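Novice: Let me give you the structure first, and then I'll get to my questions.
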Amino acid sequence: MKHLPVDEHNLLTVVALVCSAAAAAILPFYLLRRPALVRATKLWLLFGLGVLPIGAALGANVQGYKATQHREFCGSCHVMGPHAKDSEDPNSKSLAAIHARSPFFGKDNCYTCHADYGAFGTVMTKAGGMRHVYLYLTEFRKMDLEEAKHKIHLIKPFQNSNCMQCHTTNAPGWLRIPDHASAKSAVLTNEVGCSSKGCHGVAHPLTKLPGEDRPEPVKVKPAPSSALSNMGNTK
Amino acid sequence: MRPLTRAEKVLRIACVCALVGLALMVWSVLDPSPMPVILGLSVGQGVGTLSFLLFLVVVAMDLKVKQQIAAGDSQDPSP
């Protein structure tokens, strides 16, 4: 795991560091000088053990939470390195890299695509992240990169609902494409993956062996006339 | 060096716990990679919370002693 740059422009980082430094000045003083436990000492300890550490924890929590969303964080385990490198490649035509070039995704592109957007999405995403750490420490830490690239896979198929956080299936522009209109119900039920071969292609082609991919999309019926009649002139 | 009271011993443990928790939290801020962040947000927070709880225990002990003294004073028949 490589070391990552600190987000220097984050006010909460400064708050965390200042609170920690202030508490770290009070606590050793009490430990070494052993002043009598009078009212003033108790007040100092309220700051050293309560107010300042709570401030430090607040800053560190938010900073830590933000750090876990960055691509550098995901790519700091060697097995995710090629994914991160591909996302940073301005010439890459993979789905992941194309999305990473969008300002909305930017350096948080791993998280934006792989986050759980359900009711307890943030908690579920973080719990999933802990599983990744556990698997990395127990299985993949010493694994050869070439082997890991093909062995690591998602625990369940990528959900189209994640794509739909940005790409609505109701826009006339989306429905204007015959394959979209005819496959809409299959897309909504995840029967067809947006990122499958024959559609938009896999997001991380470097992990696939030649000929390896998700199953071919199901044969779709011709676009219903009702869908086509709903199309407007918007793009 | 005078002997430590029970409250002072608890407070010293609280101070050490707080310093360990703060060190882990600062590490996670300065090096936001997986291990420091996980340790800072779990062990760091846990140890820090424990230290504050120990402080509150001492406060509660202190209040109890003061109540006992006050009760003793009110029952004292001497002028």
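Novice: Only residues that are among the hydroxyl-bearing types (Ser, Thr, Tyr) and more than 10 Å from A:Gly64 (Cα to Cα): list them for segment B:20-79, please.
Specialist: Residues satisfying the conditions are B:Ser42, B:Thr49, B:Ser51, B:Ser74, B:Ser78.
Novice: Can you spot a residue in segment B:11-19 that is buried (at least 18 other Cβ atoms within 10 Å of the Cβ) and free of Cβ contacts under 8 Å to residues at least 12 places away in the same chain?
Specialist: Yes, because at least one residue in segment B:11-19 is buried (at least 18 other Cβ atoms within 10 Å of the Cβ) and free of Cβ contacts under 8 Å to residues at least 12 places away in the same chain.
Novice: Now, a different point. Checking B:Gln67 against (1) modelled with pLDDT under 95; (2) under 30 Å from A:Cys74 (Cβ atoms), which test does it fail?
Specialist: Only one criterion in (1) modelled with pLDDT under 95; (2) under 30 Å from A:Cys74 (Cβ atoms) is unmet by B:Gln67, namely (2).
Novice: Listed residues A:Ala127, A:Ala96, A:Ala115, A:Ala119; which is at pLDDT 90 or above and out of contact with any His (no Cβ under 7 Å at 6 or more places or on another chain)?
Specialist: Among A:Ala127, A:Ala96, A:Ala115, A:Ala119, only A:Ala115 is at pLDDT 90 or above and out of contact with any His (no Cβ under 7 Å at 6 or more places or on another chain).
Novice: Moving to a separate point now. Give me the pairs: first residue in segment B:44-70 and more than 17 Å from A:Ser20 (Cα to Cα), second residue of a type outside the set (A, V, I, L, M) and surrounded by 14 or more Cβ atoms within 10 Å (Cβ to Cβ), beta-carbon distance under 8 Å, and six or more apart or on different chains, which are they?
Specialist: B:Leu54/B:Cys17; B:Phe55/A:Gly50; B:Val59/A:Lys42; B:Asp62/A:Lys42
Novice: Next up: Residues that are without any contact (Cβ under 8 Å) to a residue 24 or more places away in the chain and either touching a Leu at 6+ places or on another chain (Cβ under 9 Å) or surrounded by fewer than 18 Cβ atoms within 10 Å (Cβ to Cβ) (or both), at least 2 per element: which helices (runs of 4 or more DSSP H) completely within segment A:76-189 meet that?
Specialist: A:81-88, A:121-135, A:145-151
Novice: Checking B:Asp62 against (1) modelled with pLDDT of 95 or more; (2) within 9 Å of chain A (Cβ to nearest Cβ); (3) under 14 Å from the mean Cα position of the chain (by Cα); (4) open to solvent by 40 Å² or more (accessible area, probe 1.4 Å): exactly one of these is not met. Which one?
Specialist: Single failed check for B:Asp62: (1).
Novice: Have a look at A:Thr112, A:Thr41 and point out the one that is facing chain B (nearest Cβ under 10 Å) and of a type in the set (Ser, Thr, Tyr).
Specialist: Result of the check over A:Thr112, A:Thr41: A:Thr41.
Novice: Okay, next question. Could you check segment A:78-106 and list, in sequence order, the residues that are within 23 Å of A:Gln159 (Cβ to Cβ), within 15 Å of the chain's Cα centre (by Cα) and within 14 Å of chain B (Cβ to nearest Cβ)?
Specialist: Within segment A:78-106, A:Met80, A:Ala84 meet the criteria.
Novice: Further question: Within segment B:3-31, how many residues turn out to be farther than 24 Å from A:Asn10 by Cβ, facing chain A (nearest Cβ under 8 Å) and in contact with a Gly (Cβ under 8 Å, 6 or more places away or on another chain)?
Specialist: Residues flagged as farther than 24 Å from A:Asn10 by Cβ, facing chain A (nearest Cβ under 8 Å) and in contact with a Gly (Cβ under 8 Å, 6 or more places away or on another chain) within segment B:3-31 amount to 1.
Novice: Another one. Give the residue that is nearest to the other protein chains (Cβ to nearest Cβ), with candidates limited to residues of segment A:45-75 that are among the aliphatic types (A, V, I, L, M) and open to solvent by 70 Å² or more (accessible area, probe 1.4 Å).
Specialist: The selected residue is A:Ile54.
Novice: Continuing with this model, one more query. Among residues belonging to segment A:5-21 that are open to solvent by less than 40 Å² (accessible area, probe 1.4 Å) and more than 7 Å from chain B (Cβ to nearest Cβ), point out the one that is modelled with the lowest pLDDT.
Specialist: Out of the qualifying residues, it is A:Asn10.
The values are calculated or read from the model by the stated rules, or taken from the named source; none is laboratory data. Quantities reported herein were computed from a predicted structural model and do not represent experimental measurements. Ideal geometry is used to build each Cβ from the backbone, glycine not excepted, and the neighbour counts take in all protein chains shown. Note: accessible area is taken over every heavy atom of the protein model, side chains too, but ligands, DNA and RNA are not part of it. Shrake-Rupley method; radii C 1.70, N 1.55, O 1.52, S 1.80 Å.
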